[in-house]
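Just below is one structure, and these are the notes that go with it.
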Amino acid sequence: TCTEAGSITVTCSRCDYKTVTEIPALGHDYVNGVCQLCGDKEVIEGFFEDVLPGTFCFDAVKWAVDNKVTNGVKDGIFAPSNTVTRGQIVTFLWRAAGCPEAENTAVEFSDVKDTAFYAKAVAWAVEEGITKGVGNGKFAPESVCTRGQIVTFLWRFMGEPEATKDVEFTDVVPGAFYANAVAWAVEAGVTTGIT
């Protein structure tokens, strides 16, 4: 098998003499975190059991853990297919920046309590121009963050760099709040879209 050695025994049909040849364990043949021989999942000790080596997000999640951007949703679970909230994505960016303190720590949004885990991150993101909220004095921290919102947060985090050409996705309307961010993200290799 992949983990246990085996042997072959050959017996002479004339004299019953036997020879035994040891066969070493095959070893796992992992592709995208799953052994092609036995189906075993490659798990890295102390890492998330739901993020396998070779999967599209493995390197990014490993970087995020190594840089203290995330520690998952609970012990051993990252939940790569879950959606992310606006409060979570701003917290990820804040941690990636080294958890800087905002000069003005007073939270501007009526739906962001100063005791919330994302409160300092939101205050910093407002100060840095990364977010302006959703209007009417609200940030909507528990709302699902759309792809357009996430790429805009990233673009603003990077200083709103200019793209050299317009975006070519049929579902990105010129003039949309995220259009410049998407164009930058394509040029920077952050995204290739979904199809």
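A few comments on the model shown:
- Identity of the residue in segment 36-94, in contact (Cβ under 8 Å) with a residue 40 or more places away in the chain and part of a loop (DSSP other than H, G, I, E, B), that ends up farthest from Q149 (Cα to Cα): T83
- Among (1) of a type outside the set (K, R); (2) open to solvent by less than 30 Å² (accessible area, probe 1.4 Å); (3) free of Cβ contacts under 8 Å to residues at least 40 places away in the same chain; (4) touching a helix residue (DSSP H, G or I) at 6+ places or on another chain (Cβ under 7 Å), the one test that F117 misses: (2)
- Filter pass, V107 being touching a Cys at 6+ places or on another chain (Cβ under 9 Å), among the hydrophobic types (A, V, I, L, M, F, W, C) and under 23 Å from W155 (Cα atoms): no
- Selection of segment 156-172 for residues being assigned to a loop (DSSP other than H, G, I, E, B) and among the aromatic types (F, W, Y) yields only F169.
- Filtered by the rule that a residue be within 25 Å of C35 (Cα to Cα) and surrounded by 17 or more Cβ atoms within 10 Å (Cβ to Cβ), segment 55-64 gives F58, V61.
- Filtering segment 13-29 to residues that are open to solvent by 70 Å² or more (accessible area, probe 1.4 Å) and hydrophobic (A, V, I, L, M, F, W, C) leaves C15, V20, L26.
- Residues that are open to solvent by 30 Å² or more (accessible area, probe 1.4 Å), of a type in the set (A, V, I, L, M) and more than 23 Å from V190 (Cα to Cα), drawn from segment 127-156: V134
- If you go through segment 180-192 and keep only what is surrounded by fewer than 19 Cβ atoms within 10 Å (Cβ to Cβ) and either closer than 17 Å to T146 by Cβ or of a type outside the set (G, A, S) (or both), you end up with E187, V190, T191, T192.
The values are calculated or read from the model by the stated rules, or taken from the named source; none is laboratory data. The model shown is predicted, which means the values in this text are computed figures rather than measured ones. Virtual Cβ from ideal backbone geometry, glycine too; neighbours counted across all protein chains shown. The area values use the complete protein model at the heavy-atom level, side chains included, leaving out ligands, DNA and RNA. Shrake-Rupley method; radii C 1.70, N 1.55, O 1.52, S 1.80 Å.
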